[in-house]
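Report on the following structure.
The values are calculated or read from the model by the stated rules, or taken from the named source; none is laboratory data. Computed from a predicted structure; not experimentally measured. When we count neighbours, we look across all protein chains shown, and the Cβ atoms used for this are built from the backbone with ideal geometry, even at glycine. Accessible surface areas use protein heavy atoms only, side chains included; no ligands, DNA or RNA. Shrake-Rupley method; radii C 1.70, N 1.55, O 1.52, S 1.80 Å.
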Amino acid sequence: MACDTDMDYSNSALPRRDKKKSLKIGLINSAPGRFPGMMLCSQSDFSAMSRSCLMARNRKWVGGEVLKALAYDVPIPGYKTKNAISLRLWEAKATAEDFNLFQFNDGQYESSAQLHARAEQICAVLYPGDATEEGKLLRLKQQFFLCSASLQDMIARFKERKADRVSGKWSEFPSKVAVQLNDTHPTLAIPELMRLLMDEEGLGWDEAWDITYRTVSYTNHTVLPEALEKWSQIVMRKLLPRHMEIIEEIDKRFREMVISKHKEMEGKIDSMKVLDGSNPQKPVVRMANLCVVSSHTVNGVAELHSNILKQELFADYVSIWPNKFQNKTNGITPRRWLKFCNPELSEIITKWIKTDQWTSDLDLLTGLRKFADDEKLHAEWAAAKLACKKRLAKHVLDATGVTIDPTSLFDIQIKRIHEYKRQLLNILGAVYRYKKLKEMSAEEKQKVTPRTVMIGGKAFATYTNAKRIVKLVNDVGAVVNNDPEVNKYLKVVFIPNYNVSVAEVLIPGSELSQHISTAGMEASGTSNMKFSLNGCVIIGTLDGANVEIREEVGEDNFFLFGAKADQVAGLRKDRENGLFKPDPRFEEAKQLIRSGAFGSYNYEPLLDSLEGNSGFGRGDYFLVGYDFPGYIDAQDRVDAAYKDKKKWIKMSILNTAGSGKFSSDRTIAQYAKEIWDIKPSPVA
């Protein structure tokens, strides 16, 4: 895609800047197989001083904290391929010169290796907590470190393959390199690429901007604030002064372009500009705005999400660049998420559609539809599912000590713990189910569909309400699972230490999966695709990729409930105006928790988030109360459907048969063709 011609790239002279501090990163290449190897000479500094005017070539940094980037290559062999690629990972290292032998011999052991310790911190934890000022600085260092190391590596490879590379040939760089920004965390790649091209390679602003714009594209994965980062301008200037200069210039030129070329948008500049100084005490850099302004293509990851980006979040930019925005619905690999983790079902699929080529052409799964009523397939399908459920039951016993019944309905929600994903709605539903079971007679309980509710996921270190939800799930499980009047009909289990390996056991053994986020807040989701591929029926809202999954598998094979995305803003407004009337069942569930039935822990701060009409941490922002009655009604439909085994198995088969669209092969092919402009290169 050609560089946008609306922007003014003139090399106007700028005033000399004050000396500032910054950070430098250098590279150390490694051999494949995660073994460090030879050193490549380049570096990146934190806390150095920058000199010369912005537009000058070969700008130099003086002093500062110098770190090296050590590369580790992990081979990625692929599936039935004749070649392999490598995934390059980075580790931060200080140099030998940074070790102070005199201090060490003087007994000052910690001081002698201070920079080495700081280097280790950068790669110790991905996305360190940023509640403190130190945490913010460390996270920014980490983001810059990874961006700088990767870009320096790309440029080194580009130059190595073209030994005669000169400035006039740099225009070829975007045809050889594509940088895809996944959310705003790697946004610093934009000013860093500009810096490398101008300061290290001697290009002027015009040429560097043209190359950067044609190289970089941006994927927005969620509309949540944490993925639309806003970095303090003060912190940025302190740590990365040169990059702040470049960002300021990008912002200035963007504003000038809007005023000169799109006068009708002049009133929107304040919300569109990169630098936000509306709060003089806390001026920030809007990283998402920087991504949109500096990328040749911007995409969302599901049809609904991409429409929200174009119609709401980035609507003003669409008026300027209508062709910049695309959709790329996420996908999953069927090799791992069916063939590898569910061999029983994989064998049945291959047998009935008479080919194993579905592993690389997932649309072939539609061949199952014509057998959806076949009793022989039903028997084999049920046997495969039971085998997976028994394997899952063993894992639960080993991991938690809880015995679960493989003949009960396995109801699973596994994903990052977040209020918008609404694990709280799930556990409130389980609490209400427990209450109703306690009120039933023995005869009434015999008509109940036995159910095992499993919830798993990780809560971010500083996300207090998410941790409260995890505790609530565990507390409810401790009571329910040890209640002899109820535990034949309901069990609640929190799956500890959730990761990919655990998911490979849980997903094949699932029968119902909950994807119940507040509509409009889940960009896509991919676990919903994994569950559906494995013949699991989804209960969910019209959010993210749920919309497309429901279209593909059939509306009758998806349990739908909840507000739609275009209703959410109005419902929140109604809540603020005091118009919300809670369902009695919702009140019953909350009251049972408050009664102490599940222990003495004070859940008021968590439950308070569901109360009131407005205010910080109140007003039920995620509409748990509004959607609760529809959720309970949908769960009643689940219970009724599960009793009809023939109907349920058919629903399961049709979920697998409708999953072809959600292969990552399709997703990557679309990125390659429509964003990166690259073609397959078959290996003979």
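Cα-based values for the range 271-310, radius of gyration first and Dmax second, are 12.8, 39 Å. For the peptides 341-353, 412-424, the ranking by mean Cβ contacts within 10 Å, running from highest to lowest, is 412-424, 341-353.
Ranked from the most accessible area to the least, with a 1.4 Å probe and all protein chains present, what is the order of Tyr463, Tyr79? Walk me through the numbers on the way to the answer.
On the way: Tyr463 50, Tyr79 70 Å².
Listed by decreasing accessible area, they come as Tyr79, Tyr463.
Working note: 222 nm ellipticity from helices only, DSSP H runs with n ≥ 4, each -39,500 (n - 2.57), summed and divided by the residues of the chain, gives -12500 deg cm²/dmol to the nearest 500. Computed with every protein chain present, the accessible area of Tyr671 is close to 20 Å² [probe 1.4 Å]. When the accessible area of the range 511-602 is computed with all protein chains present and a 1.4 Å probe, what percentage of it is carbon and sulfur? So the carbon and sulfur contribution to the accessible surface is 45 percent.
When the square roots of the Cα gyration tensor eigenvalues are ordered a ≥ b ≥ c, the ratio a/c for the range 187-343 is 1.5 or more and a/b exceeds b/c, which makes its shape prolate.
Under a 5 Å amide H cut-off, with hydrogens placed 1.01 Å from N, Leu490 pairs with Arg451 among residues at least 5 apart or on other chains. Peptides 355-367, 513-525 ranked from most to least packed, by the mean per-residue count of other Cβ atoms within 10 Å: 513-525, 355-367.
Accessible area per residue for the range 144-269 is 36 Å², calculated with a 1.4 Å probe on protein heavy atoms, without ligands, DNA or RNA. Compared with the dominant Cα axis of the chain, that is its longest principal axis, helix 241-261 is turned about 80°.
Can you tell me the 0 to 90 degree angle between the C-alpha axis of helix 343-353 and the longest principal axis of the chain, rounded to 10? Helix 343-353 and the main axis of the chain meet at about 80 degrees. Positive contributions from Lys and Arg (+1) and negative ones from Asp and Glu (-1), summed over other residues with Cβ under 9 Å from the Cβ of Gly562, come out at -1. Solvent exposure of the range 511-613, expressed per residue, is 37 Å² of accessible area, with all protein chains present and a 1.4 angstrom probe.
Any idea of the accessible area per residue across the range 349-417, 1.4 Å probe, to the nearest Å²?
Using a 1.4 Å probe on heavy atoms only, each residue of the range 349-417 averages 48 Å².
The angle between the Cα long axis of helix 464-480 and the main principal axis of the chain comes to about 20°, on a 0 to 90 degree scale.
Rounded if a/c is under 1.5, else prolate if a/b is larger than b/c, else oblate: which is the chain, with a ≥ b ≥ c the root eigenvalues of its Cα gyration tensor? Prolate shape, in that a/c is at least 1.5 and a/b is the bigger ratio.
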